[in-house]
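In what follows, a single structure is set out as structure tokens and then discussed.
Read the figures in this text as sums done on the coordinates, not as results from a lab. As the structure is a prediction and not an experimental result, all values here were calculated from the model. Ideal geometry is used to build each Cβ from the backbone, glycine not excepted, and the neighbour counts take in all protein chains shown.
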Amino acid sequence: MQITKSLTTLSLVTFGGAVFSLMSADVAQAVTFIFNADDSNLSTIVKTVDGITLTISNNQTRGSFFVDLDGISVLAGTPFSGTKTTSFDLTFSSAVQLTSYTIGYIENLDGDESLILSNGSSSSVENAPFTTGLRNFNNQFKVAAGQTISFIGNFGADVSDIIQWSAIEVTPVSVPVPVPVTIPEPSSMLGLLVLGGLGINSNLKKLKK
Ligand SMILES: [Ca+2]
Ligand SMILES: [Ca+2]
């Protein structure tokens, strides 16, 4: 994916100054991981979307995940999946920013529940009340590739609750791309075209290695 993006960047730069303002903006789009019944009863869920792999593991205390058409149970009392789910770990194969999640189902919530995601240095606390639908993370913090995010769910006083996520959305953290900061004179455009071509060839060689 990175190589493909580099090629696109080179191509755009080659064709003139008009696109420079676009290149300086962060154009990364959110990547959505969707959970469904195929994920149920797995001790580790692995999903790859747009070249980013999400791994969810270490479910406590159940040992495996309960997932149905409403999504993955991120907080679940014993009435719903036999054994409570109170915590688990998430990792992403490349650097991302936590963006949002979609709640597919809730039941028996009392308004005293909370969800905490932390990578050790940053955290996001998701407080009740929860409703179904898309919800931005309270703190959209960034995590490095492979860094463990600990998820902890708090039931509050009553523990017969369930919250299911039908999806989680993250945004790739863009890697700085060396882009010229000055708009080239028309007379130097030919040179840029040549350099751009060389750059593409170089990247293609790397791709073949
Ligand atoms: Ca309850
Ligand atoms: Ca509760």
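Across segment 61-96, the number of residues qualifying as farther than 17 Å from W165 by Cβ, away from ligand 2 (no atom under 16 Å from the Cβ) and of a type outside the set (V, I, T) comes to 5.
Among the residues of segment 150-175, what is the count of those that are away from ligand 2 (no atom under 16 Å from the Cβ), in a strand (DSSP E or B) and over 16 Å from K47 (Cα atoms)?
Total meeting the criteria: 2.
Filter segment 112-125 down to the residues that are among the polar types (S, T, N, Q) and over 12 Å from V74 (Cβ atoms), then identify the one that is farthest from ligand 2 (Cβ to nearest atom). Looking at the filtered set, the residue picked out is S121.
Output the number of residues of segment 124-138 satisfying the condition of being hydrophobic (A, V, I, L, M, F, W, C) and buried (at least 16 other Cβ atoms within 10 Å of the Cβ).
Going residue by residue through segment 124-138, those that are hydrophobic (A, V, I, L, M, F, W, C) are 125, 128, 130, 134, 137.
Filter once more, so that each one left must be buried (at least 16 other Cβ atoms within 10 Å of the Cβ): 128, 130, 137.
Residues flagged as hydrophobic (A, V, I, L, M, F, W, C) and buried (at least 16 other Cβ atoms within 10 Å of the Cβ) within segment 124-138 amount to 3.
Considering segment 39-83 alone, what residues qualify as being among the small types (G, A, S) and either within 26 Å of T171 (Cα to Cα) or within 16 Å of ligand 1 (Cβ to nearest atom) (or both)? Give the derivation first.
Filtering segment 39-83 down to residues among the small types (G, A, S) leaves 40, 43, 51, 57, 63-64, 71, 73, 76-77, 81-82.
Scanning segment 39-83 gives S40, S43, G51, S57, G71, S73, A76, G77, S81.
One residue stands out among those in segment 126-149 that are small (G, A, S) and farther than 14 Å from S114 by Cβ: the one that is nearest to ligand 2 (Cβ to nearest atom), which is G133. For segment 134-177, the candidate set comprises residues that are more than 16 Å from ligand 1 (Cβ to nearest atom) and closer than 16 Å to N59 by Cβ; within that set, the residue that is farthest from the chain's Cα centre (by Cα) is I152.
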